[in-house]
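Structure, as structure tokens:
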Amino acid sequence: MHYGLGIDAGGSYTDVVILRGSDGTIMDSHKSFTTYPHLEYGIKNALDHLDPQYLGQVTLVSVSTTLSTNSLLENTGTPVGLVLVGEHPEDEPYPADSVIRIKGGHDPRGTEEFELDISKLYHFARNTMDRVSAYAVSAIFSTRNPEHELRVKEVLKKETNLPVVCGHELTQDLGAYERSVTAVLNAQLIPITYKFVSVVAEDIRKRGINARILMLKGDGSVYNIEDALEKPVETIFSGPAASLLGASYLSKTDNCAVIDVGGTSTDVAMLRAGIPEISNTGTVVGGWKTRVRAMKMETFANGGDSHVWIKDKSVNIGPRRVIPLCVAAEMYPDFIRSLKRNRILSREMMDEHYQPTKFFLRTDYPAKGLDKEEADLLRNINYEPVSINDLSDTSNVPPSNRLLDSLIQKRLVQAVGFTPTDALHVMKVYNQWNFHASDLGAFYLSKFSQMGKFEFCSLVRQKVAQKMAFGLMSFIYPHHPKSVIEDGIGGEYPAGYCINVPTVLLGGPVRSYKDEFSSIISGNIMVPEYAEVGNAIGALVGKGVKKVEVLIKAQSPGELDRNFYVYSPLGRHDVITYSDALEHAIDIGRNIVLDYIERCGVSRQETEISVTSKAASPPDWTHAPLQTIITVMGVGNPLMLLKE
């Protein structure tokens, strides 16, 4: 009997699931906290709770993670050196620490326009190799001819022995600037991804599991671990992709909307005919426009661990994540005592940080680059939660929001506070952690909102459901004004929204929100079994998909039926006749696709191949097409290996 293991390392939780290959039955699952910066602890804890009998028979492991996305959003990627070959834009910023421009580049036909000059490259390499962890190379029209990028890569590898990423290796799309940015971001992620993959592989090895390891990409397909280490930028938004695939698998539907409520944020996406909607223009991450293919989605800061706080009697949720009071009470034995003796703040002082339920504690992140005020404040924060009152007493003056924000942003400090998860505990519709801590927190905050304790928690629950509905309708109606969507979900008018495809809810506590959400959005609202670990299931059920586009163009306008260029990820090739060019293009595409799917563990015989051709010519044209795009698509299902 063969089993598959799915792992999803999210921003707040790490989910694991074991699936039986013969019939797709879910045999075991567990949800554990993600442990930053030491991810191995969270992964080990999650796997330790799975049945070792099934774990020992796992032959396929597939992983999804928000690690890449979070690293780029938080600007915590490793330093990178960038080599720009040719006349790149002068006034555009690049996310690189060191940049050099050298002469070279090709024209749109792939013919060398300027000779490559690498004389300055050797000094650049020696001068930066101790300050960067990888290099990115981007040459003008490298998608038509990658020769200059490859020559620069060879020099950098020889001089520095560091990873080097070329723009043409990541995308065949035109757009030198976006291709350069993509290459830099990919280079930033290589050391981070290597560490994460090593953690997963080492844990699997220690358990005696002999399995192929795959990773989920942002477009919902999988690739093997070696490809992931070379192109980690493709894992951007693999977490939301996992939720979409998991929702489809659990609900047994190919057409649905998906709302995935995590600890930190909520993701909304759509599946049509079993295929995620893909952004054709490339993904924007951390403010950088890339050429990475990823699914279309809507993300907003509204999760089960979002901070609930009071200001001027108004109840606010988020945008920051905190450790819920109910969880802190389980993690720190003296926390309830600290919460009980915490002094009530004056109403005038209250803001996001100054709350009777707000605490702070140190993390294991190394403290680097702090100014004196930050360092002084950090010394007063220990590894046990300290209240904002006690922190003010120790510091002699109340710490400023600027200092607290800075330490939290640098991940040196983690906040504890009241959350929607606490509200659900008080209402006794979710009972995973310590009820008494949640109940005490609700008592404090309800006084400031001039509500009863249960009325206050019901309002928090309703607000979360409304934000889920707002996110869904904003995704479906991207051009509608915010105010129009708010009117439709606010309940003030005798009209609302109805969705005619199933809406699948995923995430730990989503069952507790189903009734409230259904009262706002009409339709088939589903919470399938194992919804709390849907992302780990999605990581496992992703297919190996590879699409290759090969371009055919006449070499000269005067020779329309002879001498063609074939442009592919392998470079530019000269072919005599158009029929030979077609055959050559299809062969290149097929070989690239089959090699890729084979690395996912699917044999060439089990890979489905489709070939399409799109030719462009003027009306009444009697010669070979001026341009032809051959698209080769391959699809293989690694899960089929579990049935053998």
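Can you work out the Karplus-derived ³J(HN,Hα) for every residue in the range 225-237? Use 6.51 cos²θ - 1.76 cosθ + 1.60 with θ = phi - 60°, whole Hz, and x for glycine or proline.
For the range 225-237, the Karplus curve yields 5, 5, 5, 5, 5, 7, 10, x, 4, 6, 7, 3, 6 Hz.
For the range 51-117, with all protein chains present and a 1.4 Å probe, just round the carbon and sulfur fraction of the accessible area to a whole percent.
45 percent
Sort 242-253, 424-435 by packing, meaning the average of other beta carbons within 10 Å per residue, with the highest value first.
Highest to lowest by the protection proxy: 242-253, 424-435.
Which whole-Hz couplings ³J(HN,Hα) result when phi for each residue of the range 154-167 is put into the Karplus expression 6.51 cos²θ - 1.76 cosθ + 1.60, θ = phi - 60°, listed in order with x for Gly and Pro?
Coupling constants for the range 154-167: 4, 5, 4, 4, 5, 7, 10, 6, 9, x, 10, 10, 9, x Hz.
Quick check: Cα centre of the range 33-75 to Cα centre of the range 474-510, how many Å?
For the range 33-75 versus the range 474-510, the Cα centre distance is 33 Å.
Excluding VAL548 itself, what net charge comes from residues whose Cβ is under 12 Å from its Cβ, given Lys and Arg +1 and Asp and Glu -1?
0
Using alpha carbons only, what's the Rg to Rh ratio of the range 533-625 with Rh from Kirkwood?
Taking Rg over the Kirkwood Rh, I get 1.14.
Mind checking the angle between helix 176-206 and the chain's longest principal axis? C-alpha axes, 0 to 90 degrees, to the nearest 10.
Orientation of helix 176-206: about 60 degrees from the principal axis.
Mind checking the per residue accessible area of the chain for me, 1.4 Å probe, whole number of Å²?
Averaged over the residues of the chain, the accessible area is 43 Å².
Taking every DSSP beta bridge with both residues inside the chain, roughly what % is antiparallel (nearest 5)?
65 percent
So who's got an amide H within less than 5 Å of the one on MET526, skipping anything under 5 residues away but keeping other chains? H placed 1.01 Å off N, in plane.
So MET526 has HN proximity to THR503, VAL504, LEU505.
With no solvent and one point on each alpha carbon, what is the Debye value of log10 I(q)/I(0) for the range 310-371 at q = 0.17, 0.29 Å⁻¹?
-0.78, -1.27
Which percentage, to the nearest 5, of the DSSP beta bridges contained in the range 52-186 is antiparallel?
5 percent
From the phi of every residue in the range 124-133, what ³J(HN,Hα) in whole Hz does the Karplus formula 6.51 cos²θ - 1.76 cosθ + 1.60 yield, where θ is phi - 60° and glycine or proline is x?
Working through the residues one at a time gives 4, 4, 5, 7, 10, 4, 8, 10, 10, 10 Hz.
Could you check how much of the accessible area of the range 149-189 is carbon and sulfur, as a whole percent, using a 1.4 Å probe?
Reported share for carbon and sulfur atoms: 46 percent.
I'd like the distance separating the alpha-carbon centroids of the range 593-644 and the range 332-364, in whole Å.
Between the Cα centre of the range 593-644 and that of the range 332-364, the gap is 59 Å.
Averaged across orientations, what area in nm² does the convex hull of the alpha carbons in the range 203-325 project?
11.3 nm²
Can you run the Rg to Rh ratio on the range 270-426? Use alpha carbon positions and the Kirkwood inverse-distance Rh.
Expressed as Rg/Rh, it is 1.07.
Could you state the angle between the C-alpha long axis of helix 453-476 and the longest principal axis of the C-alpha atoms of the chain, as a value from 0 to 90 degrees rounded to the nearest 10?
Taking Cα atoms only, the helix is inclined about 20 degrees.
Compute the long axis of helix 238-251 from its Cα atoms, compare it with the longest principal axis of the Cα atoms of the chain, and write down the angle in degrees, 0 to 90, nearest 10.
Value to nearest ten degrees: 80.
What order do MET349, MET1, MET215 take when sorted by accessible area (1.4 Å probe), most exposed first?
MET1, MET349, MET215
Within the set LYS157/LYS231; LYS44/LYS410; LYS358/LYS447; LYS252/LYS546; LYS217/LYS296; LYS31/LYS231, which residue pairs have Cα atoms separated by over 20 Å?
Going by Cα-Cα distance, LYS44/LYS410; LYS252/LYS546; LYS31/LYS231 fall outside the 20 Å limit.
The values are calculated or read from the model by the stated rules, or taken from the named source; none is laboratory data. Quantities reported herein were computed from a predicted structural model and do not represent experimental measurements. Backbone-built Cβ (ideal geometry, glycine too); neighbour counts: all protein chains shown. For the accessible areas, the whole protein counts, side chains as well, though only heavy atoms, and no ligand, DNA or RNA atoms are used. Shrake-Rupley method; radii C 1.70, N 1.55, O 1.52, S 1.80 Å.
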